[in-house]
1. Just for region 339-373: of the residues that are among the β-branched types (Val, Ile, Thr) and closer than 20 Å to GLY143 by Cβ, which one is surrounded by the most Cβ atoms within 10 Å (Cβ to Cβ)?
2. Do you know which of the residues in region 228-284 that are outside any helix (DSSP H, G or I) and of a type in the set (D, E, K, R) is farthest from PRO362 (Cα to Cα)?
3. Wholly within region 301-403, which helices (runs of 4 or more DSSP H) include no fewer than the required count, namely at least 1 residues that are under 30 Å from PRO131 (Cβ atoms)?
4. Considering region 378-423 alone, what residues qualify as being within 13 Å of the chain's Cα centre (by Cα), surrounded by 24 or more Cβ atoms within 10 Å (Cβ to Cβ) and not β-branched (Val, Ile, Thr)?
5. Identify the residue in region 172-197 that is aromatic (Phe, Trp, Tyr) and outside any strand (DSSP E or B) and, among all such residues, is nearest to PRO383 (Cα to Cα).
6. Might you check whether a residue that is small (Gly, Ala, Ser), surrounded by 15 or more Cβ atoms within 10 Å (Cβ to Cβ) and assigned to a helix (DSSP H, G or I) occurs anywhere in region 50-62?
7. Could you list, in sequence order, all residues of region 85-111 that are outside any loop (DSSP other than H, G, I, E, B) and under 24 Å from PRO64 (Cβ atoms)?
8. Which pairs have Cβ atoms under 7 Å, sit 6 or more apart or on different chains, and link a residue in region 345-369 that is on the phi > 0 side of the Ramachandran plot to one that is of a type in the set (Lys, Arg)?
Amino acid sequence: MSALPIASALATGHRISSGEVTSEEVVRACLQRIAERDDTVHAWVHLDAELALRQARARDAEAPRSPLHGVPVGVKDVIDTADLPTEQGTVLHAGRRPERDADCVAALRAAGAVILGKTVSTELATWHPGPTTNPHDPTRTPGGSSSGSAAAVGDGMVPLALGTQTVGSAIRPAAFCGAWALKPTYGRLSMTGIQPLAQSLDVPGLFARGADDLAALLSVLAGQPHRLSTRSGAPRLAAVRTPWWEQADDAGRQAFDDAVARCLSAGAEVEDCAPAMPMDALLDAHWTIMEYETARSLWPEYERGADELSDVLRGIIESGRALDRAGYERAVRLGEDGKARLDELLTGWDAILTLTAPGEAPVGLESTGDSTFCRLWSLLGCPSVTVPGLTGPNGLPIGIQLVGPRGADHDLLATAAWVGDALMGAVVDAPVRPLG
C-alpha cells in the first residue's frame, strides 16, 4: 500500500474500480505518507482524516462514477469546501466556513473523487509565503501561490491537487517540486467559489503526476467525457527563449538546451522562434491588469484589516488603487492584440517550448521565486503545462513549460505527454535550428 500515494491517479482509480484495492486503503496510505512527511513539508493546512475516510468508505460502497472514482485530491485553501475551512492564507479569514463547495470541488465529488484536505496557499493567493517547504530540499521554496498543492503532489502525498494561477502560481511551483501542472485556457473552467484576485487572469490550476492524469482531471472539471492525452507522430515545437533569457541561471539554460536536444533526438521538429509581439510591453500590461484588478478584488480585506496584510500585498493594493482606468484599458487592449498574435504564431506549431522558471528552486523561504517566465502566457489566456523530468546541479527538479493554442488544452496535454517521454531519454548533441 505504501506505493499507492505516488502512483498514477488513473492507475489508482482503475485498481479501485476493479476491486484490487479500496478507496479507503488508498486514503489511509496517503494519510500515512502525510504523517511521515508533513512535519517537514507543511503542505496541508486543514486535514480531517476521519472525514476523508468516511468519503472513501462511501465511494467503496457504490458503483464507480468516473475514472477518478475513489481517488484522493488535495484542494488549495482559496477554493471553497463546504465540509472544511477555507481561510485563504490570511488571519482575516481565520475560521471561515463556506456554505457550499466551489464548482470545481462539486465536480470532483460528482465524479466520485475524495477530497483529502486543504493545501497551503500563500497569503490570499499572492506573494507572501506560507509554511510550505520544497519536498526535495526543505531549505528551498516550493514556489507559490499554490505551494501546498505542488509540494503534496511532488512529495507523493496525494496523486492529484487543485490550485490557482494568476501569474505563475501553478506552473512555477510544479516545476520547483517535480510535479506536472496544467494552467488551462482562460475561461475553460469555472472560478465560482474560488477567491478572486485578478478576474481577467485567474484560472484554476491542476496538479498531477502525469499528463494522462491531468487530462482526466481536466475532463472531470469541464464536465466532459474522459479523453486520454495521446497523439500520433512527433510534434512541431517552437523553442522560445523570450527576452528574459538572461534572467535564467546556468542550470535553467542548460535544462532548456537539454530539453530541445532530447526532443530532437526523439524525432520532434524543433526550431528557434522569436514571436512577433512586443513581449516586454505585454509583461508590463500583465502587471498593470493584475495590480488594478487585485486592488479591487482585495479592497474588502484592506478595509477590514490592512495592518494584517503583508507589506508587499498592502503595497500592491495601494498601487493598484492609484492606477487610472484609461491605463488599465490600454493594457487590456494590448493583451487582446497579443492573443491574436499568439493565435497566428501557433497555427504553424503544436506548442511553444520555453522555460518555466530561472532554474532550480532558490534557497530561502521568504520568497516563492521569480514568476517572469510565466506571466506572458497568463496574460494571453493560453493553456500551459509544466513537464518535469530534468534536474539541475543540486539534483533538484527543473520543469519545462509547453504553451499551446487557446482552447486546445487536451491537444497540448498530448504533446506534453510526448515531450515527457522524450525528456526521459538520453541527451544528445543536437543543436536548435537557426531562424530562417
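1. Taking region 339-373 and keeping what is among the β-branched types (Val, Ile, Thr), we get 347, 352, 354, 356, 363, 368, 372.
The next check asks that each one be closer than 20 Å to GLY143 by Cβ; those that pass are 354, 356, 363, 368, 372.
Values: THR354: 24, THR356: 31, VAL363: 11, THR368: 28, THR372: 19.
Among residues in region 339-373 that are among the β-branched types (Val, Ile, Thr) and closer than 20 Å to GLY143 by Cβ, the one surrounded by the most Cβ atoms within 10 Å (Cβ to Cβ) is THR356.
2. For region 228-284, the residue satisfying everything is ARG231.
3. Numbers: elements: 311-322, 325-345, 372-379.
Correct list: 311-322, 372-379.
4. Hits for region 378-423 are SER378, PRO383, SER384, GLY399, GLN401, LEU402.
5. Here is the first cut: in region 172-197, the ones aromatic (Phe, Trp, Tyr) are 176, 180, 186.
Now narrow it down to the ones that are outside any strand (DSSP E or B): 176, 186.
Working: PHE176: 19, TYR186: 8 Å.
The selected residue is TYR186.
6. Just the residues of region 50-62 that are small (Gly, Ala, Ser), to begin with: 52, 56, 58, 61.
Checking the rest, the ones that are also surrounded by 15 or more Cβ atoms within 10 Å (Cβ to Cβ) come to 52, 56.
Retained after the next criterion (residues that are assigned to a helix (DSSP H, G or I)): 52, 56.
Yes, region 50-62 contains at least one residue that is small (Gly, Ala, Ser), surrounded by 15 or more Cβ atoms within 10 Å (Cβ to Cβ) and assigned to a helix (DSSP H, G or I).
7. ASP103, CYS104, VAL105, ALA106, ALA107, LEU108, ARG109, ALA110
8. GLY369/ARG172
The values are calculated or read from the model by the stated rules, or taken from the named source; none is laboratory data. Quick caveat, the model's predicted, so the values are computed rather than measured. Neighbour counts are summed over all protein chains in view; Cβ atoms, including those assigned to glycine, are modelled from backbone coordinates with ideal geometry.
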